[in-house]
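Accompanying notes for the structure given below.
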C-alpha cells in the first residue's frame, strides 16, 4: 500500500479557503493555492474509487471545474474540501460503469489466486481476511447515490453535514442513504457467516 | 471492525499522483486562470458597472448598481467641500445619461437618476430627477477650471456647465442625500450596451411615429436595439401625453427591462465580454470605490428580482415663474429624499 493509511484531519490551513477563492475572482492565479492544498488528497480519493489512471484525469478536471465555478462557492463555508469532494464525486459518477466493473473485478480476484497487478494484490490481501469478495460485490450493487454517500464518509472522512454540502442534498437524505448503504454492506458481509454475530450492531450512526 | 473501515481497507489507492501528473494538472489550471485573467483585467481596469453583480452571481436588479466605478482617465472626483452626512449603510449612486460623447464640449444631461440600494441591500429604488426641474445650483468649478457661481437653473445644466462633479454636488445639495458614487453614460455607450445584450424588449400601447427621435413602430412588443432603443428612451412625441414625464416613464421601464435582460443573458461569457467592452467605453465614473468594497456590496446585495427594484419620479409642482418648468414639491420631495439617506 502506498501513502499514509488514511487522511483523517481536514487541512489545518483550510480556514482561509473562502478568502482565497474570493481573491481568485479578480486574481484567478490565486486559485493555484487551492490546488496545492487539495490536489493530492482528491487524487487519492478518486484513485481509490476508479484507479490511479482515471484519477490523474479526474483530479485535474475537478480543479478546472472548481475554478470555473469559483463564483458559486459559498463564502460562508470556510473549507473548500467538501466542495471539491462533491465535484470529484460528480465526475466519478460519469464513470460509474467503470467503477462497478472495478469492484466486480476486485470481487473476482478474491477467488482468483493468479490475479496480478497492484490492485489485484491489494484485493487479494483483503480477500485473505475473507471479506473482500462480499464487500466488493456489495459496493458494486449499491445505487449511485447511496454509494457516493458511503464512500465520501468512508474514504473522504466527510461529516454528514459536509456530505450534504458536497452533494447538494439534505442532511436527512445523507443519513437515510448512509444507513441504507451500510445495511446492504452489512447484509452482504453477514452472508459470510463469520460476521453473523454483528447483525443488528453498528447502529451508532442512526 | 466496522464496515466503513473495511471499505477503506479494501479500496486502497494504487499509487499517489506523480510529480509529472501534478505539474500537468497545475499547468492546465494555470492556463485556464490566464484566460480568466483577461476578464479580470478588464474588470480591474474598466469603469464597468453591471459586471460586479454578474460576476458574483447576483441577479438582475442588483446589476443596476453601478458599483464598479473604477478609476481611469475619464474618471471624476467627488465634490469638494462640505457634503451631506452619511448616516447609514445605504448606497446612493447618481447616473447621468448624456446626449453627447463624454468629454465633448456642451454635453447635456438628458436624464438623471439617483439609485438607492437600501442598507439591508434588499431593495433598490431609482428616483428620476426631471431635467426641467428648477433648482439652486451651488458654486462649482467647470472641467476647464473656470469658476461657476451658485445660481438658480435647470438641474441638468449643472452637468452641462460643470460636468459630472458639479451635477453630483448639485444633487447632494438639492436632496440632502449623500451620493456615494456618480457616473455618466453617453448615447453611443448606451446603444453599445443595449446591443451587447442582444436588444431589449419594449411594449408600445399604441403605434409611434416620431420624426424627431426617429422612432417609428407599430403597437405591441418589440425587441429594440441601437438607434431604435435610443429613440425609445428619448422620444416624447407620440407617447402618452407627450411630456418629459412620459419620457421618464419610458426610460424607467426600459431600464427595468434592461436589467432583467442583463440578469438573463450575461451569464454567457461572450455576451459579458461584449457588454463590458461597451460599458467600458461609455462610462465616466468616480474612482473611489475599491474592489474589496465593491465585491462586498455586490455579494451582500439581496435584491433577487426586478420586483425588488422600484422606479419613481421626484415629486414636483409647477414652477410659478415659467409654465415650462417645474420645481420640487415641498414636503413630498423632502420626505422622499429623507428616505434615501
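Read-outs throughout are calculated quantities, based only on the coordinates presented, and are distinct from any laboratory measurement. The shown structure was predicted, so the numbers you read here are calculated from the model rather than taken from an experiment. Here the Cβ is made from the backbone with ideal geometry for all residues, glycine too, and neighbour counts use every protein chain on show.
Peptides B:203-210, B:164-171 ranked from most to least packed give B:164-171, B:203-210, packing being the mean of other C-beta atoms within 10 angstrom over each peptide's residues. Inter-chain neighbour count for A:53-63: the average number of beta-carbon atoms from partner chains within 10 Å of each residue's beta-carbon is 4. Over the Cα atoms of the range A:14-94, the radius of gyration divided by the Kirkwood radius equals 0.96; this is the Rg/Rh ratio. The mean number of Cβ atoms from other chains found within 10 Å of a Cβ in peptide B:157-166 is 0, as a whole number. Label sites at residue A:69 and residue B:136, each approximated as a point 7 angstrom past Cα along Cα to Cβ, lie 5.8 nm apart.
In terms of the mean number of neighbouring beta-carbon atoms within 10 Å, the peptides A:23-35, B:131-143, A:148-160 order highest first as A:148-160, A:23-35, B:131-143.
Here the peptides A:91-99, A:138-146 are ranked by packing, the mean other Cβ count within 10 Å, and the order with the highest first is A:138-146, A:91-99. For the peptide B:22-35, the mean number of other protein chain Cβ atoms found within 10 angstrom of a residue's Cβ is 5. Of interest is the spacing of the C-alpha centroids, which for the range B:139-195 and the range A:74-91 amounts to 47 Å.
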